[in-house]
Amino acid sequence: MGKNEKMEKGLNIRIPTNDCSKGKMDFLNYRNLSFLHFFILSFFLLSCHHHHEPEPEPTDQTILYYFPWSGNAKGSAGLYSDFQNNIREIENAITKRQTMANARLLVCMANKPYEAVLFEIKLDKGTTVRDTLATYSNVDFTKKETIRGFINDAKGYAPSLRYAMMIGCHGMGWLPVDDDASAKTNLARRKYFGGDKGFRAEITTLADAISESQTHLDFILFDDCYMANVEVAYDLHRVADHLIASTSEIMARGMPYEDIWQYLSPTPNYEEVCNAYHKFYSDYSYPYGTLAAIDCREVEAFAQLMAEANATHTFNEDDREWLQALDGYTPPIFFDCGHYIDFLCFGDSELLSPLTQQLQRLVPFKVNTPSIFSTIDHPHTVAIDRFSGITISDPSVNDKADGKEHTAWWKATHKY
């Protein structure tokens with residue numbers, strides 16, 4: 001019988017079978033099984049265990065590409081067609097290289113509001129194929145247990161020495177999921193971490209899911225808007241070494257995977273990922289984009305310095321209008337972090353110098369076009385004069401940022 005599913009209780013799971021059974025088992029709802037059914041099922045699974053093939057040897061790298069539902073429950077598929085294009089781009093990149101380079105790629109994709117499929121992209125006789133590993137129903141993409149289950153399933157099917165995740169969806173940084181800041185145009189649909197209301201997950205939920213799966217990631221690539229901020233980096237620094245993310249809005253076509261895939265797998269080259277992204281979007285029909293590689297291992301040291309800065313300096317409210325905004329909101333929510341600390345610590349070189357140096361360690365690689373594009377309120381561009389690769393919402397007075405005092409970042413940097 002292939003590999004048994006180990007998804008969290010409450011999900012309906014299709015378990016792959018082999019010659020141990022006649023035909024395929026129907027969906028199983030573990031929460032509703034009676035003791036007798038459970039006993040029979042347990043005996044069946046144990047009986048088939050002897051027919052398992054040997055567990056695969058761990059590869060150098062396994063990447064789980066996670067696509068939660070980006071639409072709503074009323075018929076909108078959100079970015080689903082864009083996600084399909086993203087996968088085809090990766091398949092094209094793999095076909096061109098003609099090797100998986102001792103790495104594996106699993107995709108967990110929501111194909112309906114409450115359903116998902118887990119499949120592996122393989123190279124077979126010179127072309128890519130998709131091997132379906134599991135299907136899921138009754139899925140709540142906003143729950144920690146759901147995400148944790150997907151990660152555990154991926155690790156079970158594709159054991160590896162190193163793991164990474166890519167997440168494709170809408171994104172709104174650290175902001176609470178209740179915020180409705182959607183902007184829908186055919187020009188540049190923005191990405192949340194989730195879909196419309198009822199389909200959004202908190203970043204802390206993601207962090208908890210990864211932690212409880214006992215996984216530490218080489219990187220998380222967010223093909224989502226507004227995920228390169230200190231608040232997100234701080235929330236994820238215990239479960240991931242690096243983030244690859246944008247400070248601003250990402251066009252719906254997403255990452256240029258055909259160009260960057262060779263730098264993601266099997267050994268990430270963060271500088272070249274950023275360079276390839278910049279080259280692509282500089283020549284794109286909408287030439288707007290930012291990208292940064294954030295070293296989360298450096299965020300704690302940066303937070304300690306920021307705590308000192310906040311304890312000894314007060315931001316001049318009159319300077320807010322001069323700060324570099326990296327979004328389209330009025331008033332802005334996401335400000336350039338480097339520019340902010342310049343104003344906060346103005347005249348204090350003894351503190352500003354180590355802060356700036358630590359910020360450069362936190363964001364070793366970053367790229368930006370001369371301006372960004374936003375569809376918030378109306379399509380418009382925002383010129384970029386200062387860019388450190390990561391944003392901060394400390395100086396924001398936008399009502400949507402009212403919850404910033406409850407973030408782990410704020411608590412770590414406002415101790416005194």
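Summary of computed values
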quantity	calculated
Filter result (small (G, A, S) and farther than 16 Å from A164 by Cα) within region 87-135	A93, A110, A116, G126, A134
Residues within region 147-171 that are open to solvent by 10 Å² or more (accessible area, probe 1.4 Å) and modelled with pLDDT under 95, tallied	1
Residue in region 78-99 that is surrounded by the fewest Cβ atoms within 10 Å (Cβ to Cβ), counting only those that are in contact (Cβ under 8 Å) with a residue 40 or more places away in the chain and among the hydrophobic types (A, V, I, L, M, F, W, C)	A93
Selection from region 227-250 of residues that are among the basic types (K, R) and touching a Leu at 6+ places or on another chain (Cβ under 9 Å)	none
Cross-chain or 6+ apart pairs with Cβ under 7 Å, region 347-371 first and in contact (Cβ under 8 Å) with a residue 24 or more places away in the chain, then surrounded by fewer than 16 Cβ atoms within 10 Å (Cβ to Cβ) and of a type in the set (S, T, Y)	T369/S282; S371/T381
Members of region 58-116 found to be at pLDDT below 95 and of a type in the set (S, T, Y), listed by number	Y66, S70, S76, Y80, S81, T99, Y114
Residue in region 301-311 that is touching a residue at least 12 places away in the same chain (Cβ under 8 Å) and more than 29 Å from P395 (Cβ to Cβ) present	no
Output for region 314-330, where each listed residue is open to solvent by 40 Å² or more (accessible area, probe 1.4 Å) and not in a helix (DSSP H, G or I)	T314, N316, T330
Test: residue in region 124-145 that is touching a residue at least 40 places away in the same chain (Cβ under 8 Å), assigned to a helix (DSSP H, G or I) and closer than 18 Å to D223 by Cβ	no
Every residue from region 227-280 that is closer than 23 Å to T375 by Cβ and charged (D, E, K, R)	E231, E249, R253
Some residue of region 348-369 being of a type in the set (D, E, K, R), under 25 Å from S282 (Cβ atoms), in contact with a His (Cβ under 6 Å, 6 or more places away or on another chain) and open to solvent by 40 Å² or more (accessible area, probe 1.4 Å)	no
Among the residues listed as Q304, Q262, Q214, the single one being modelled with pLDDT of 95 or more and closer than 25 Å to Q98 by Cα	Q262
Selection count where residues are open to solvent by less than 10 Å² (accessible area, probe 1.4 Å), within 19 Å of P364 (Cβ to Cβ) and part of a strand (DSSP E or B), scope region 201-252	10
Search result, residues across region 100-122 that are open to solvent by 30 Å² or more (accessible area, probe 1.4 Å) and of a type in the set (F, W, Y)	Y114
Region 257-292 - residue that is in a loop (DSSP other than H, G, I, E, B) and small (G, A, S) and, of those, most open to solvent (accessible area, probe 1.4 Å)	S285
Subset of region 191-200 that is charged (D, E, K, R) and buried (at least 24 other Cβ atoms within 10 Å of the Cβ) - its residue that is modelled with the highest pLDDT	R200
Complete set of residues in region 376-416 that are surrounded by 20 or more Cβ atoms within 10 Å (Cβ to Cβ), among the polar types (S, T, N, Q) and either in contact with a Ser or Thr (Cβ under 9 Å, 6 or more places away or on another chain) or without any contact (Cβ under 8 Å) to a residue 60 or more places away in the chain (or both)	S388, T391, S393, T407
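The values are calculated or read from the model by the stated rules, or taken from the named source; none is laboratory data. This is a predicted model, so every value here is computed, not measured. Neighbour counts are summed over all protein chains in view; Cβ atoms, including those assigned to glycine, are modelled from backbone coordinates with ideal geometry. Note: accessible area is taken over every heavy atom of the protein model, side chains too, but ligands, DNA and RNA are not part of it. Shrake-Rupley method; radii C 1.70, N 1.55, O 1.52, S 1.80 Å.
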